[in-house]
Amino acid sequence: MWRALRNCLATKANLASLHIPSSICPICEENPETIEHALLTCLWVMGVWFGSLLGFIGDRQHVTSLDCWMLSLTSLAGSSKDEVNRVVTIMSFLMWSIWKARYKAIFEQQLPNPGLVIQGAKESWTDFLNSAPTLGAVNRDVDKESEVVRSTLWQAPLTPYLKLNVDAAWFSNSGHTGIGIIIRNHHGEFKSGKVCWTTSMSVVDAEARAVIEGLSFAADQGYSHIWVESDSKPSSIAVWGKLPRGPGNSILHWDIPREANVVADAAAAIAIRGMGTEVWVDRPPSSLVHVLSRDGLPCPP
Ligand SMILES: [Zn+2]
């Protein structure tokens, strides 16, 4: 953390100042790899912050420097010293885990997986806090059951994001693939959805197609801020080589638990039954109303 806050980590942007060419982030290949980009705003890193206990929605426009960012978050956490300690502990271990995952991505060609990064960070801070008995109280706070609930239930996105859940059902004998796409707002209300079918060569191919289809549907609907959730494995990312581009400001969160993706799963099943394309706007089909309400959130009558 000291090296990160003093801006003396070997990011591409820092290496460029030593006349080593290319400052571009080798993972997303989109922006210069500054400390802030590497630890806060690289696309998959935003997935780590959102999926963590802290649940931050990244905002590239408003990140200034790492020290200002940390300072603003610790003051947001309230005046309690324990709460500030808790947030700083989680943030520090997440950043360490992100940095190590970046290393593996660049030098060992292992695609970063936000879920594993969060898990690795949690194991590290648990070890750390258990080795320091006086910090045990902080650890008990961190370890609350709420984390389990957070990671397995569908959650409404924060405004201005809409959440796009996608899923694919794939038949190995024919290659037929049903794709289900559901978009909901920050109140959990149904905005629009689509089912369609295509053919794919593998389950990984099918899952990748579902994400791409979902992003292009969201673009067609004119949505600009999209949070994509898919329960596909990180291996699907390999199909694309790099993350697909969505409308305006899209963030991809893959490998979510199936329980958090039941509606898209049910929609994919509709696609398989119907073998045709259907689009719903504002009102979900009656066959999905029951599944939508199981997420504990309202949907139009
Ligand atoms: Zn990047």
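Values in this text are rule-based calculations from the coordinates and carry no lab data. Only a predicted model underlies this, so the values are computations on that prediction, with no experimental measurement involved. Cβ atoms come from the backbone with ideal geometry, glycine included; neighbour counts cover every protein chain shown.
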When the residues of region 26-72 are filtered to those that are more than 23 Å from His225 (Cα to Cα) and assigned to a loop (DSSP other than H, G, I, E, B), which remaining residue is nearest to the ligand (Cβ to nearest atom)?
Glu33
Mind checking which residues of region 5-25 are in a helix (DSSP H, G or I) and either closer than 15 Å to Asn113 by Cα or within 16 Å of the ligand (Cβ to nearest atom) (or both)?
Lys12, Ala13, Asn14, Leu15, Ala16
Go through region 1-32 and count every residue that is under 24 Å from Val88 (Cβ atoms) and buried (at least 22 other Cβ atoms within 10 Å of the Cβ).
1
